[in-house]
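First up is the structure itself, then whatever we jot down about it.
The numbers here are math on the coordinates, done by the rules we state, and not lab data. Note that the coordinates shown come from a computational prediction; the quantities given were computed from them, not determined experimentally. Using ideal geometry, Cβ is built from the backbone for each residue, glycine included, and neighbour counts are taken over all protein chains shown.
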Amino acid sequence: MTDAGWIQPGSRVYIAGGYGMVGSALYRLLSEQCGATVIRHRRQEIDLTDPRAVDACLSSQSIDVMIVAAATVGGILANNTRPAEFIQNNLMIAANLIDGSYRHGIDKLLYLGSSCIYPKHAEQPMVEEALLTGHLEPTNEPYAVSKIAGIKLCESYNRQFGMDCRCAMPTNLYGQGDNYDLKGSHVIPALMRRFHDAVQQRLPEVVVWGSGQVRREFLLVDDLANGCLALMQASSNAINALTSEQCRHLNIGSGVDVTIAELAALVAETVGFKGQIQYDSSKPDGAPRKLLDISKIRSLGWSPVHSLRDGLAATYQDYLAHPDSARGVA
Ligand SMILES: NC(=O)c1ccc[n+]([C@@H]2O[C@H](COP(=O)([O-])OP(=O)(O)OC[C@H]3O[C@@H](n4cnc5c(N)ncnc54)[C@H](OP(=O)(O)O)[C@@H]3O)[C@@H](O)[C@H]2O)c1
């Protein structure tokens, strides 16, 4: 393992899922600000669930760093209605890319997991060591299990083959390039689109799923990209001091949470919706609270810089400026 940062000007970085929300933020940071040569493909060019396609891709490129930011991702509705897709696609993507990287001599790999890996009733804020200490939230259990498998693949390839796989566990993300399709979107793009449409259509009321009382943490995707960079630039010694062979992942969050009702009020204000907000408590809420302990990633010198209010304003401006590139809106 090397103690120099992974990303240098001219480093060749492959971002799997490089056109997604996280992949695009990493692309902007690594290629435009760090001077790395970033390679990415669309799903139509390479299906990452196909091991032969992944193999052919990796053998034709000379890659220094692999970033696994491809996944089937979505909110409660998508997780509830497409559980087989969530577990199968994400297991295949993780296995193909981690094993493919090993076989093609790429020993530096960053794997993106998710805060849903932690038990539903984990003590708050959730520390990295809470992994596998209790039952998962049932609504997204298949997705969470695939993400835990990805972490365990990373740890196992590190132990058996001496790879340097590092795992980032982001909290709920939002920002430029999010998915605004109401059948698949997360809570912030879903609220933003519904309040925006309500303003356009002069609707007096918007109904929000759930009680509004559960607490969630949100991070702007550009802050996450900088957190991932801190993780990739940290020395092996620094990573080893913070992690163990069996617990190699680091949380990345904002460190603050809000109720869904507080979030909805903030999104309504951002969008200019002045009508009533009703809550449909017959719809599932998910875990009562999800807040990450971010002291480990903070100790590497990273901190989030955008408040939720500022991040929402920037995201809405981007939505208005690029309605055609906001996925799910067309
Ligand atoms: N968004 C969040 O709130 C959040 C929170 C925590 C962790 N994460 C993690 O961060 C990572 C990136 O998430 P994201 O929000 O950026 O999701 P995203 O915007 O949906 O991006 C995922 C990307 O992966 C691609 N992809 C999916 N299956 C593929 C396949 N079989 N072959 C090739 N490409 C494929 C998608 O392509 P298509 O668009 O063509 O399907 C998309 O470009 C994921 O691992 C996710 O679990 C996200």
Tell me which cysteines of the chain come out unpaired when the rule is another cysteine's Cβ under 4.7 Å.
CYS34, CYS57, CYS116, CYS167, CYS228, CYS247
Using the alpha-carbon atoms, what tilt in degrees (0 to 90, nearest 10) does helix 221-233 show relative to the longest principal axis of the chain?
20
Putting +1 on Lys and Arg Cβ atoms and -1 on Asp and Glu Cβ atoms, find which of GLN276, ALA16, CYS167 reaches farthest to the positive end of the dipole of the chain.
GLN276
Using only Cα atoms, find the angle between the long axis of helix 308-321 and the longest principal axis of the chain, and express it within 0 to 90 degrees, rounded to the nearest 10.
90
What is the gain in length, in nm to one decimal, between ALA238 and LEU182 on full extension, counting 0.36 nm per residue of separation less the C-alpha to C-alpha distance?
16.0 nm
Given 25 °C, 0.890 mPa s and a Kirkwood radius over Cα pairs, the Stokes-Einstein diffusion coefficient of the chain in µm²/s is 122
What does the extension gain come out to for GLN246 and SER295, with contour length at 0.36 nm per residue minus their alpha carbon separation?
15.8 nm
Per-residue counts of other Cβ atoms within 10 Å, averaged by peptide: what ranking do you get for 111-122, 203-214, 289-300, highest first?
111-122, 289-300, 203-214
Longer than 29 Å from Cα to Cα, which of LYS147/LYS274; LYS120/LYS274; LYS108/LYS183; LYS274/LYS296; LYS147/LYS283 are they? Say none if no pair is.
LYS147/LYS274; LYS120/LYS274; LYS108/LYS183; LYS274/LYS296
Could you state the angle between the C-alpha long axis of helix 260-271 and the longest principal axis of the C-alpha atoms of the chain, as a value from 0 to 90 degrees rounded to the nearest 10?
80
The correct pair for the stretch 48-135, radius of gyration to one decimal and Dmax as a whole number, both in Å and from Cα atoms, is 15.6, 46
Report, in debye and to the nearest 20, how large the dipole of the chain comes out about its Cα centre when Lys and Arg carry +1 and Asp and Glu carry -1 on their Cβ.
220
Residue by residue through the stretch 131-136, the couplings from Karplus 6.51 cos²θ - 1.76 cosθ + 1.60 with θ = phi - 60°, in Hz, x for Gly and Pro, are 4, 6, 10, x, 6, 7
Inter-centroid distance (Cα atoms) of the stretch 178-202 relative to the stretch 247-310, Å
17
Net charge (Lys, Arg +1; Asp, Glu -1) of residues whose beta-carbon lies under 14 Å from that of LEU203, LEU203 excluded, is +2
Kindly write out, for the stretch 10-19 in residue order, the coupling ³J(HN,Hα) from the Karplus curve 6.51 cos²θ - 1.76 cosθ + 1.60 (θ = phi - 60°), rounded to whole Hz, with x marking Gly and Pro.
x, 4, 9, 10, 9, 9, 6, x, x, 9
Protection proxy (average C-beta count within 10 Å per residue), highest first, orders 268-276, 60-68 as 60-68, 268-276
For the stretch 1-100, with the dipole built from +1 on Lys and Arg beta-carbon atoms and -1 on Asp and Glu ones, taken about the Cα centre, which of LEU26, ILE98, LEU58 lies farthest toward the positive end?
LEU26
